[in-house]
Amino acid sequence: MSKGKGKGKGYRRPRALSPLREHLRDTFWFAPTAAMVLVFVLWAAASEADAALVRLLQDHQDFDDISELIRIVNDAKGVITTVSSAMMTFIGVVFSISLVAVQMASGHFTPRVVRIFVRSRITKLTFAVFLATFTLTLLVLTSLDSETDPRLVTTVPFVQSVLTLLMVALSLFLFIAYVNSTLRLMRVGHVIDRITGEALRVVDKMPRGDVDGLALGAEIAGVGYHGRAGVLRDVHIARLVRAARRQDVVLRLLPRLGDFVVPGTPLLSVHGRDGAATPSWSALRYTVTVGVERTFHQDLGFGLRQLSDIGLRALSAAVNDPTTAVQCLDRIVQVLTALANRPLGAVGHPDRKGTVRLVQDVPAWADLVDLAFAEMRLCAVGSPQVTRRIMAGLDDLLRLVPPERRPPLIRHRELLVQAVALAVPEAAERAFALEPDRQGIG
């Protein structure tokens, strides 16, 4: 086994994706349920505080103060009753309109943007606080005592009423923030910026293990995938490294993150000396996580995929929005620029002694360039604004990348020139469509 190759400068082992945390981020039930449980606890504490306050005042025979509390609570009762009757209607109308807006955004951009809405913290927080406020108003109304004699009353929901009014105020502030967030979701610039930001965070966190010159040895066995079919979302690096170290072998992960796997799909190849033991399936059982859709966790190409999808949708005959495609190309060039000098193709993960125990394939530079430009280039031939932006982006990348990474960029540039030459017979129009311009057409 080669030593010292995996812990090159900048190596960072990726953290494992928590399936529970990912499930909770992709669902809408947890935050509202937790909020209603929490508000019930707060109501119980406030109810006990109200009862203790009344007992204290009665013990000191401060009956005038109790009467004042009863008057304040009676004044607040009308507000609480109004909020209770209107809150559920308000929730239904607001979120129905919001869901229609999200549906329109997904149709205009790409269905993948729905995940931004589903995983939005402000959306979940707003929904949770709305439901919690409604629940609290019901609980407070059940606490109202029909007795008005300050000597006989057992509780006056003063603290509960104050808490309810504070929750109503919080609901109003969150409603403003929620509307602002939803309107931003409908703006293509914000959606593209959000996707780009997540893609760049993946680039910053990607490991940089050097596997140049690493001799894996002969392949002595293979391990197939066992489990439900789905998209490969995460690999538990630490567990795979430990399993390989125990058997003194090197494992190579065959599918990439984002690949769709079914039971029986080749998952790992085992490399080592003849006679070495293969890690048991029990040691590998919980080393991969699959789901119904891709996530940004360790998935280097997912951001480019979404940007390309939005650009393709914009170039379709139904939408015909080349300016949006240019905005996507701006961000595509930004992501490729961040990857221009990073090691790609394969990553080596070492054990604590520095011996590489796991080799993980990641998209190579040519794969990422194809993902970024191949489909956009084919659809952009009839739009000079987009072809000019592609030419400018390719030229900028050619100046930034090392020489060994220029061939894929040159190939796409030549293919674009050929496609425009076939589609645009006039020389002047052809020259105009192929002139590099970072804004497309101003």
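The values are calculated or read from the model by the stated rules, or taken from the named source; none is laboratory data. Since the structure is predicted, the reported quantities are computational estimates derived from the model, not experimental observations. Using ideal geometry, Cβ is built from the backbone for each residue, glycine included, and neighbour counts are taken over all protein chains shown. Accessible surface areas use protein heavy atoms only, side chains included; no ligands, DNA or RNA. Shrake-Rupley method; radii C 1.70, N 1.55, O 1.52, S 1.80 Å.
Please verify whether the range 142-154 includes one or more residues that are crowded, with 22+ Cβ neighbours inside 10 Å and either of a type in the set (Ser, Thr, Tyr) or within 25 Å of Asp65 (Cβ to Cβ) (or both). No, because not a single residue in the range 142-154 is crowded, with 22+ Cβ neighbours inside 10 Å and either of a type in the set (Ser, Thr, Tyr) or within 25 Å of Asp65 (Cβ to Cβ) (or both). The residue list Val241, Val231, Val223 contains one member that is out of contact with any Cys (no Cβ under 8 Å at 6 or more places or on another chain), part of a helix (DSSP H, G or I), hydrophobic (A, V, I, L, M, F, W, C) and surrounded by 16 or more Cβ atoms within 10 Å (Cβ to Cβ), which is Val241.
Looking at the range 425-433, can you tell me whether even one residue there is open to solvent by less than 70 Å² (accessible area, probe 1.4 Å) and either within 21 Å of Leu336 (Cα to Cα) or not hydrophobic (A, V, I, L, M, F, W, C) (or both)?
yes
What about Leu400, is it over 23 Å from Arg256 (Cβ atoms) and in contact with a Leu (Cβ under 7 Å, 6 or more places away or on another chain)? No; evaluated as a whole, the condition is false for this residue. Could you list, in sequence order, all residues of the range 185-202 that are assigned to a helix (DSSP H, G or I) and open to solvent by 70 Å² or more (accessible area, probe 1.4 Å)? Hits for the range 185-202 are Asp193, Arg194, Arg201. Number of residues in the range 63-78 that are out of contact with any helix residue (DSSP H, G or I) (no Cβ under 7 Å at 6 or more places or on another chain) and open to solvent by 60 Å² or more (accessible area, probe 1.4 Å) equals 6.
When Val326 is tested against (1) closer than 29 Å to Asp259 by Cβ; (2) at pLDDT 90 or above; (3) within 27 Å of the chain's Cα centre (by Cα); (4) buried (at least 19 other Cβ atoms within 10 Å of the Cβ), exactly one condition is not met: (1).
Checking each residue of the range 127-141 against the condition of being aromatic (Phe, Trp, Tyr) and open to solvent by 30 Å² or more (accessible area, probe 1.4 Å) gives at least one match.
Picking from residues in the range 275-300 that are of a type in the set (D, E, K, R) and open to solvent by 40 Å² or more (accessible area, probe 1.4 Å), the one that is farthest from Ile116 (Cα to Cα) is Arg285. Name, by its number, the condition in (1) open to solvent by less than 20 Å² (accessible area, probe 1.4 Å); (2) of a type in the set (Ser, Thr, Tyr); (3) touching a residue at least 60 places away in the same chain (Cβ under 8 Å); (4) more than 30 Å from Thr295 (Cβ to Cβ) that does not hold for Ser120. Status for Ser120: all satisfied but (4). Summed over the range 158-168, the residues that are buried (at least 24 other Cβ atoms within 10 Å of the Cβ) and under 10 Å from Ile72 (Cα atoms) give a count of 1.
From the list Gly272, Gly264, the one residue that fits, being buried (at least 18 other Cβ atoms within 10 Å of the Cβ), small (Gly, Ala, Ser) and in contact (Cβ under 8 Å) with a residue 40 or more places away in the chain, is Gly272. Annotation note: Cβ proximity below 8 Å between a residue of the range 94-108 that is touching a residue at least 60 places away in the same chain (Cβ under 8 Å) and a residue that is open to solvent by less than 100 Å² (accessible area, probe 1.4 Å) and of a type in the set (Lys, Arg) (sequence gap 6+ or interchain) occurs for His108/Arg313. Counting only residues that are under 16 Å from Val249 (Cα atoms) and open to solvent by 40 Å² or more (accessible area, probe 1.4 Å), which one in the range 336-385 is nearest to the chain's Cα centre (by Cα)? Checked the range 336-385; the qualifying residue nearest to the chain's Cα centre (by Cα) is Arg352. Cβ-Cβ contacts under 7 Å between residues 6 or more apart (or on different chains), taken from a first residue in the range 183-211 that is over 30 Å from Val356 (Cα atoms) to a second residue that is open to solvent by 30 Å² or more (accessible area, probe 1.4 Å) and modelled with pLDDT of 85 or more, are listed as Arg184/His190; Val188/Gln327; Gly189/Gln327; Ile192/Gln327; Ile192/Arg331; Thr196/Arg331; Thr196/Gln334.
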